[in-house]
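The values are calculated or read from the model by the stated rules, or taken from the named source; none is laboratory data. What you are looking at is a predicted structure, and each value in this text was computed from that prediction instead of being measured. Glycine gets a Cβ as well: all are built from the backbone with ideal geometry, and neighbour counts include every protein chain shown. Just so you know, the surface numbers come from the protein's heavy atoms only, side chains and all, with ligands and any DNA or RNA stripped out. Shrake-Rupley method; radii C 1.70, N 1.55, O 1.52, S 1.80 Å.
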Amino acid sequence: MAKPLIQMALDSLDFDATVALAEQVAPYVDIFEIGTPCIKYNGLKLVEELRARFPNQLILVDLKTMDAGEYEATPFYAAGADICTVLGVSGLATIGGVVKAAKAHNAEVQVDLINVPDKIECARASAELGAQIVGVHTGLDAQAAGQTPFADLNDIASLGLDVRVSVAGGIKQSTVQSVVEAGANIIVVGAAIYGAPSPAEAAREIRELVDAAAV
């Protein structure tokens, strides 16, 4: 199987700290995710900075777009984003708008299934609209309540859709093998890296675990 990509969630509001963290983990990750609070605080300037510094990584902007899909996503694609996210609960018209913006910039769309009641139907409809990635996402509040993304990941991965499946929600060293085996194509890691004493060492360890599990 193709080795899953590792996506690093950059969640700090501090511009310089975000760039410094990206520098530390760049050798081990494939996608830099500018988290929702981070992009709201820092805006297009951070997209442009990361694009200039890291030509070999994909840049995902976690807009979680809820309305005005094409209008909202377009400037971020123009600034260098490879992927923007749109909420599955936004509806097909909004998802379609982000897909249109992505096509205009030869980029990709991730549909985030967070809080979607019928995740399977939304995943199918998103694939039909042209989204390239479907995100199985257990948010921070849900994680605090004890929820995990694993059951939803199994359900979505088993559909065999022509999309990559991303998984986010408290992924760490001890769960990496499980998410790879469940069919994740993109593994999102945040606190397990940026909360570690050495983010670079934690990222290296997760890279090795992902690669070993995918053999």
Given the rule -39500 (n - 2.57) for each run of at least 4 DSSP H residues, summed and divided by the residues of the chain, what is its mean residue ellipticity at 222 nm, to the nearest 500 deg cm²/dmol? -13000 deg cm²/dmol
Signed unit charges on C-beta, dipole axis of the chain, positive-most listed residue G169, T65, P4: P4
Counting Lys and Arg as +1 and Asp and Glu as -1, each charge on the Cβ, what is the dipole of the stretch 121-215 about the Cα centre in debye, to the nearest 20? 160 debye
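Viscosity 1.002 mPa s, temperature 20 °C: Stokes-Einstein D of the stretch 100-215 from its Kirkwood Cα radius, in µm² per second?
Approximately 143 µm²/s, per Stokes-Einstein.
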Could you let me know the centre-to-centre spacing of the stretch 137-215 and the stretch 48-107, using Cα atoms, in angstrom? 22 Å
Packing-wise, with mean Cβ within 10 Å as the measure, how do 119-126, 144-151 rank, highest first? 119-126, 144-151
If you roll a 1.4 Å probe over the stretch 111-208 with all protein chains in place, what percent of the accessible area is carbon or sulfur? 46 percent
Rg/Rg_ref, the stretch 1-84, where Rg_ref = 2.2 N^0.38 Å and atoms are Cα: 1.05
Dipole magnitude of the stretch 57-215 about its Cα centre, charges +1 at Lys/Arg Cβ and -1 at Asp/Glu Cβ only, in debye to the nearest 20? 140 debye
When the Cα atoms of the chain are enclosed in a convex hull and the volume is divided per residue, what value in Å³ results? 111 Å³
Report relative contact order for the stretch 120-215 in percent, whole number only (criteria: Cα-Cα under 8 Å, sequence separation at least 6). 25 percent
Which value results for Rg/Rh of the stretch 50-138 when Rg is the Cα radius of gyration and Rh the Kirkwood radius based on the inverse mean 1/r? 0.97
Against the globular-protein guess of 2.2 N^0.38 Å, express the Cα radius of gyration of the stretch 101-169 as a ratio, rounded to two decimals. 1.13
Judged on accessible area alone, 1.4 Å probe, highest first, D112, D118 line up as D118, D112
